[in-house]
Amino acid sequence: MSTFIKKYSKWLAPIGSFAAFLLLWQVASLNVSADFLPSPLMVWDELVRLSQTPVGGTSLLGHVGYSLRRVMIAFILAVAFGLPLGLLMGWNRVCDKIVSPIFELLRPIPPIAWIPIAILWLGVAEGSKIFICFVGAFVIMVLNSYTGMRYVDPLLIDAARSFGANPRQQFFNVAVPACLPSIFAGVQNALSMAWMCVLAAEMVGAREGVGFIIIQGMDLNKSSMILVGMILIGIVGSLLAALLRGAERALCPWRSEMV
Amino acid sequence: MTLSLEIEKANYFATAAKENWISFVSFLMFLLAWELICYFEIIGPYQLVPPSEVIVGFFEKLRDVNPDGALLQHHAVASLALALTGFVAAVVIGVPLGLFMGWYPKVNLMVRPLFDAIRPIPPIAWIPIAILWLGIGMVAKAFIIFLAAFVPCVINSYTGIRLTNPVLIRVAEIYGASNFETFRKIGVPSAIPMVFTGMKLSLNAAWTTLVAAELLAASEGLGFMIQQGRRLARPDVIIVGMLAIGFLGALMSWILTQVEARFASSRRLS
């Protein structure tokens, strides 16, 4: 028995803690009205109901799809622009000097504070939501690739130089691989930031998306609907993070030995 | 190797200081481009105002309650009070909780399920249910900010104390320290740098979440101010508000860094 527990403790612990959480929730919901805190079973019923009847004209999966589409477009744009910019700023001092004053002015402003002006610029349609997610992911991508590049061991570059590598080779074959771990940390943070930003943008004004579901639940005074939305958000967020961790393990296998 | 790194760094900063004029020129060009875009109305006056008008707008907002009903400093104080309330509550509860979770496996076992269930949900997603539970007042917002700041505090304190050098713990045990004494005198001090990292992340999260909460439901605060600016199509109010949010956020992080430098350096265990 004890060897069984030892062998499967990796699986038992999360399942056990999840069961404990559900139990706590059930006990807590017994003492208050269902409008305030519905029991886990009621939330499950609501999930089944919502997956059969569309909310605001879109099915539940459709809402997730809308949010994911916005996040992915913004995320890909942020990586495509932020990564080269950050690397270049870390590699070339003049480039750093040109970009950093503007970047430092805009960096402390949280992406969510861009929502009003984004709506003013791009309307409440897709554009403003993608823009918000882009801002959030972009700043993180630039910062991480910049710091990664600045902390590349100069010895590695010097070694490459003394073996006759030209600047192009020093950059692409030595410096960039050396800061891959930092880039990957940035990619992960950027994606989870984009996921948070899409929520905020959808909550301020949207007709579809996961943020719309929870705001709709609030307007209808249905806490079970809000909770379904929150759980969906948590699950999708965790899946996105897990996906990227898998990608990291496949793309830089030397990292996994360190952790 | 360390020496070569140090020299490299010193060289970098020495040369970098001589090139500061590039930054200066670049910043001026940025402002000029912005001003010109507005001057030629490439982007209309209801969508963007030039930097000169932003500066005028800033000074006006210090004296004029229009268009959103309160002065800039009033909004700023309201936001700061709320963010700091949530942040302090999160530090006071989250840091000890994380430390205990890291040191005592039983506490970890008890708290873990709750914590793991809450963690993947972004704090912003709590806004609707918090409003349903607690109304649209101060308490709901403080609750959301608390949640946002709570998670990084717990995670970092937990990791910090888990990374305590086992040799130090064993030395304390050999000299007859009780478990709690080891926790207090070895574990906690060695976790402090990580705790501060967590607090910085917390502060950031608190400030971001505050803006989100104020955008959605508020009658004062900087988030409310920029939301009103949007409703009235007043880009000057929005930009002044955004810069104020950015500046105050940066200021708070800076203060926390100063506190860390004072407090953590004298206690660091290596």
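All of the numbers you see were taken from the coordinates with simple rules; none came from a lab. Owing to the predicted nature of the structure, the values given are computational and were not obtained by experimental measurement. For neighbour counting, all protein chains shown are included, and Cβ atoms are generated from backbone atoms with ideal geometry for every residue, glycine included.
Observations, loosely collected:
- Against the rule of thumb 2.2 N^0.38 Å, how large the Cα Rg of region B:74-201 comes out: 1.23
- The tail of the calculated P(r) for chain A, taken as Cα-Cα distances beyond 32 Å, holds 40 percent of the pairs.
- When region A:108-259 is described by a simple charge dipole with +1 on each Lys and Arg Cβ and -1 on each Asp and Glu Cβ, the residue from A:230, A:142, A:191 located farthest towards its positive end is A:142.
- Normalised size of the protein assembly as shown, defined as Cα radius of gyration per 2.2 N^0.38 Å with N residues, equals 1.04.
- Helix-only CD estimate at 222 nm, as mean residue ellipticity for chain B, using -39500 (n - 2.57) per DSSP H run (n ≥ 4): -26500 deg cm²/dmol
- Cα-based helix-to-principal-axis angle, B:105-118 vs chain B, degrees rounded to 10: 20 degrees
- Peptide B:204-215 shows a mean partner chain C-beta count of 5 within 10 Å per residue C-beta.
- Acute angle (nearest 10 degrees) that the helix A:40-52 long axis makes with the longest principal axis of chain A, alpha-carbon atoms: 80 degrees
- Region A:13-84: proportion of alpha-carbon pairs further apart than 13 angstrom, %: 76 percent
- Per-residue mean of foreign Cβ neighbours for B:22-29 is 5 (Cβ atoms of other chains, 10 Å radius).
- With a 10 Å cut-off around each Cβ of B:243-253, the average count of Cβ atoms from other chains is 3.
- Site pair residue B:19 and residue A:162 shows an inter-label distance of 2.5 nm when each label is modelled 7 Å from Cα along Cα→Cβ.
- Distant alpha-carbon pairs in region A:154-259 (separation over 15 angstrom), percent: 72 percent
- The sum of -39500 (n - 2.57) across all DSSP H runs of n ≥ 4, divided by the residue count of chain A, sets its helix-only mean residue ellipticity at 222 nm to -26000 deg cm²/dmol.
- On Cα atoms only, tilt of A:210-219 relative to the major axis of chain A in degrees: 40 degrees
- Pairs from B:106/B:141; B:61/B:141; A:129/A:222; B:106/B:185; B:61/B:200; A:222/B:106 whose Cα-Cα separation, in the structure shown, is over 27 Å: B:106/B:141; B:61/B:200; A:222/B:106
- Per-residue 3J(HN,Hα) values for region B:248-255, derived from phi via the Karplus relation 6.51 cos²θ - 1.76 cosθ + 1.60 with θ = phi - 60°, read 5, x, 5, 4, 5, 4, 4, 4 Hz in sequence order (x marks Gly and Pro).
- Among B:226, B:174, B:124: highest mean-square fluctuation, GNM of chain B, C-alpha pairs under 10 Å: B:174
- Pairwise inverse Cα distances across region A:102-168, averaged and inverted, put the Kirkwood hydrodynamic radius at 14.6 Å.
- Relative packing of peptides B:51-62, A:178-189 - highest average C-beta neighbours within 10 Å first: A:178-189, B:51-62
- Simple spin-label estimate for residue B:47 and residue A:18 in nanometres, 7 Å along Cα-Cβ: 4.7 nm
- Spatial separation of Cα centroids for region A:160-222 and region A:70-89, in angstrom: 8 Å
- What you get for the protein assembly as shown, charging only the Cβ of Lys and Arg (+1) and of Asp and Glu (-1), is a dipole of about 1400 debye around the Cα centre.
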